[in-house]
Amino acid sequence: MSARALSAALVMAAIILFVGCSQENTAETAATGGAAPGSNGPGGATAAALPKPRPAPTAELPDPVVTMHTSLGDVMIRLNQKAAPRTVSNFVDYVLTKHYDGTIIHQIDAGYALIGGSYTEKLVQKPVRYPIPSESANGLKNRRGTIAMLRNPADPNSATSQYFINLADNPKLDRAGDKPEEAGYCVFGEVIQGLDVLEKIAQVRTADVKGFTKLPTQTVLVQSMSVVR
């Protein structure tokens, strides 16, 4: 190979390497905050601020139980690790890193769902990790008292930290097919204690303000979350 041809080959290799690295970095740093059914708030926060979640456990372990300590009472949630291992691992990591402590329930739709997992009392969105793949095909249904992940309606694999708790049976949120618009929302646990607290929260008055839909006029604070089992 001539010196001129060798030089051209090296330049082309460098271009290919640069483009490949750029695409990889773009994929890693892109973030979409999980948008709710009836989307609320401005959307994504910085994804790179926290480490990637741990891989889902491979061995069968007892289902984790999480207690949500709110300003209106405690709610206990059993997570279904077998049906949604990746989602449960992601949620538990957010609990253990105290991400949910000091967040608010930022949307209440009585008779439908309440939404939390991202915003502080000052309506500042906390940093989130990378989105996780959807496990909405696990057969769990959006029934009253279940917890599911929020996501961008246009992207089934965009859930991060935001969650919603169903205040009624919501079959229209279940997976209906393989198309993105049929993907549904991944249920990963159910409330086993504190349904009365959820009803109390559902009665809080709401208003549309500061770009938020159905924002509670009384702060409903998630003081802390803890894994009790």
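The values are calculated or read from the model by the stated rules, or taken from the named source; none is laboratory data. Please read these numbers as outputs of a predicted model, since none were measured by experiment. Virtual Cβ from ideal backbone geometry, glycine too; neighbours counted across all protein chains shown.
Filter the range 176-211 for residues that are farther than 18 Å from ILE77 by Cα and either touching a Lys or Arg at 6+ places or on another chain (Cβ under 9 Å) or of a type in the set (Phe, Trp, Tyr) (or both) and give the result. Break it down stepwise before answering.
Of all residues in the range 176-211, those farther than 18 Å from ILE77 by Cα come to 176-184, 203-211.
Selection gives GLU182, ALA183, GLY184, THR206, ALA207, ASP208.
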Within the range 200-217, restricting attention to residues that are surrounded by fewer than 13 Cβ atoms within 10 Å (Cβ to Cβ) and in contact (Cβ under 8 Å) with a residue 12 or more places away in the chain, which residue is nearest to VAL65 (Cα to Cα)?
GLN203
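Give the residue, chosen from ARG129, ARG144, that is without any contact (Cβ under 8 Å) to a residue 60 or more places away in the chain and either closer than 19 Å to THR70 by Cβ or part of a loop (DSSP other than H, G, I, E, B) (or both). Full working, then the answer.
Numbers: ARG129 fails: without any contact (Cβ under 8 Å) to a residue 60 or more places away in the chain.
Exactly one residue qualifies, and that residue is ARG144.
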Take ALA159 and decide whether it is crowded, with 24+ Cβ neighbours inside 10 Å, free of Cβ contacts under 8 Å to residues at least 60 places away in the same chain, among the small types (Gly, Ala, Ser) and touching a Ser or Thr at 6+ places or on another chain (Cβ under 9 Å).
no
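In the range 65-117, which residue that is part of a loop (DSSP other than H, G, I, E, B) and charged (D, E, K, R) is modelled with the lowest pLDDT? Before you say what the answer is, go through the steps one by one.
Of the range 65-117, the ones part of a loop (DSSP other than H, G, I, E, B) are 71-72, 80-84, 97-102, 110-112.
Pick out the ones that are also charged (D, E, K, R) and you get 82, 98, 101.
Values: LYS82: 95, LYS98: 98, ASP101: 98.
Per the stated criteria, the residue is LYS82.
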Do you know which of the residues in the range 143-193 that are among the hydroxyl-bearing types (Ser, Thr, Tyr) and in contact with a strand residue (DSSP E or B) (Cβ under 6 Å, 6 or more places away or on another chain) is farthest from TYR130 (Cα to Cα)?
THR146
Could you tell me whether the range 178-191 includes any residue that is at pLDDT 95 or above, closer than 23 Å to ASP101 by Cα, charged (D, E, K, R) and over 20 Å from the mean Cα position of the chain (by Cα)?
no
Within the set of pairs 6 or more residues apart or between chains, which connect a residue that is over 20 Å from GLN162 (Cα atoms) inside the range 172-190 to a residue that is buried (at least 22 other Cβ atoms within 10 Å of the Cβ) with Cβ atoms less than 6 Å apart?
none
